[in-house]
1. Are any residues in the range B:46-68 touching a helix residue (DSSP H, G or I) at 6+ places or on another chain (Cβ under 6 Å) and hydrophobic (A, V, I, L, M, F, W, C), and if so, which ones?
2. For the range B:154-166, indicate whether the set of residues that are under 17 Å from B:Gly55 (Cβ atoms) and modelled with pLDDT under 95 is non-empty.
3. Only one residue in B:Asp84, B:Asp80 is surrounded by fewer than 17 Cβ atoms within 10 Å (Cβ to Cβ), away from chain A (no Cβ under 14 Å) and touching a Cys at 6+ places or on another chain (Cβ under 8 Å). Which one?
4. When you scan the range A:105-136, how many residues do you find that are over 23 Å from A:Thr52 (Cα atoms) and charged (D, E, K, R)?
5. If A:Pro75 meets every condition in (1) touching a helix residue (DSSP H, G or I) at 6+ places or on another chain (Cβ under 7 Å); (2) at positive phi apart from one, which number is that one?
6. Within the range B:89-114, work out how many residues are of a type outside the set (Ser, Thr, Tyr), touching a residue at least 24 places away in the same chain (Cβ under 8 Å) and facing chain A (nearest Cβ under 7 Å).
7. Looking at (1) surrounded by 14 or more Cβ atoms within 10 Å (Cβ to Cβ); (2) under 30 Å from A:Asn21 (Cβ atoms), find the lone condition where B:Ala108 falls short.
8. Could you tell me which residue of the range A:27-45 is nearest to B:Leu142 (Cα to Cα), considering only residues that are more than 9 Å from chain B (Cβ to nearest Cβ) and in contact with a Lys or Arg (Cβ under 8 Å, 6 or more places away or on another chain)?
Number of protein chains: 2
Amino acid sequence: MSHLIEKFLTSKVVFEGNLLNVFSDKVELPNGKEASREYIKHPGAVAVVPVTQEGNIVLVRQYRYPIGKALLEVPAGKLDKGEDPDTCALRELEEETGYVAEHIKKIASIYTTPGFTNEVIHLYIAENLTLSNPHPDEDEFLDVEVYSKEEIKTMIADGRINDAKSMLALLLAKI
Amino acid sequence: MSHLIEKFLTSKVVFEGNLLNVFSDKVELPNGKEASREYIKHPGAVAVVPVTQEGNIVLVRQYRYPIGKALLEVPAGKLDKGEDPDTCALRELEEETGYVAEHIKKIASIYTTPGFTNEVIHLYIAENLTLSNPHPDEDEFLDVEVYSKEEIKTMIADGRINDAKSMLALLLAKI
């Protein structure tokens, strides 16, 4: 694969926001020509498939401003600085849904959009949940909804669940 | 879901690049407070699962600068301005792999990362391929690799295929 590599030349921060950090780097292409690569630096994230003791699945419905719709998703969130993904998964699950998991199991790590960000999402399954209290971040608004496994399969098939990380997590968890 | 909606107040372009257009909007949260939303406007894209007449799957290996690795992916690409997704799918398949499909079938449309972009990827399956000549975009470098369905399943399971759109397309195509 060495014949595919793009060599780093220089890097520049072109936008530093609250959420997004955008870079524009100069690289040398495999043919020796120069090109620019624009991308977002992302801290990484987790997404969790929460399975209740009854075998149902807990999802969150959340407004996604960039697409102007509320999507049905698995609980998820960004890693805090230096945070272990397992810890983050348990934290986000409890914060967003109020469910506490005894243990979680990692399913996979995925690149969401490697063309323009280094974001990686670690996917987990959490079983044997017990209900505590949800305490979402301030200014985070979401509905917690519980579905049977059959309902989940139907909603993936008919497009009602259309968030990539959620679909992948649910499919790979083999619920 | 109306209690989840964030109301648009103002919009500002904060970075206009060759690839990325970054916006920072002001919104009113459901609790009446004001917040900012940073996001990337994306034209949309397609991704195609190409199945040869022998029943094998055609993938492309491509260096992804943001993560510094070459990933094994299904052929994919952005919509040209005003381009129909079906047309784009046939075009990208032929450009990247050299295979021409008689017809393609849409599998699903997915949001890759609705937290910070409006990108939607339309997933397709293409069957009964015939080989023409690959002619990637200038300055696009990729290897075309053909795998059996069993190899694909193994590589999804063991993480060698870890690009989200590719995993989803391959899983949903039920190869």
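1. B:Val46, B:Ala47, B:Val48, B:Val49, B:Ile57, B:Val58, B:Val60
2. Within the range B:154-166, none of the residues are under 17 Å from B:Gly55 (Cβ atoms) and modelled with pLDDT under 95.
3. Values: B:Asp84 fails: touching a Cys at 6+ places or on another chain (Cβ under 8 Å).
The match here is B:Asp80.
4. Here the count works out to 1.
5. It fails just one condition, (2).
6. Residues of the range B:89-114 that are of a type outside the set (Ser, Thr, Tyr), as a first pass: B:89-96, B:98, B:100-108, B:110, B:114.
After this cut, where a residue has to be touching a residue at least 24 places away in the same chain (Cβ under 8 Å) as well, the list is B:89-90, B:92-96, B:98, B:100-104, B:107-108, B:110.
Filter again for facing chain A (nearest Cβ under 7 Å), leaving B:108, B:110.
Residues that pass the stated criteria total 2.
7. Every listed condition holds for B:Ala108 apart from (2).
8. Within the range A:27-45, the first condition is being more than 9 Å from chain B (Cβ to nearest Cβ), and the residues that meet it are A:28, A:32, A:34, A:43-44.
Then keep just the ones that are in contact with a Lys or Arg (Cβ under 8 Å, 6 or more places away or on another chain); that gives A:28, A:34, A:43-44.
Working: A:Glu28: 15, A:Glu34: 17, A:Pro43: 28, A:Gly44: 26 Å.
Result: A:Glu28.
The values are calculated or read from the model by the stated rules, or taken from the named source; none is laboratory data. What you see is a predicted model, and the numbers here were worked out from it, not measured in a lab. Cβ coordinates were reconstructed from backbone atoms using ideal geometry, including for glycine residues, and neighbour counts include every protein chain displayed.
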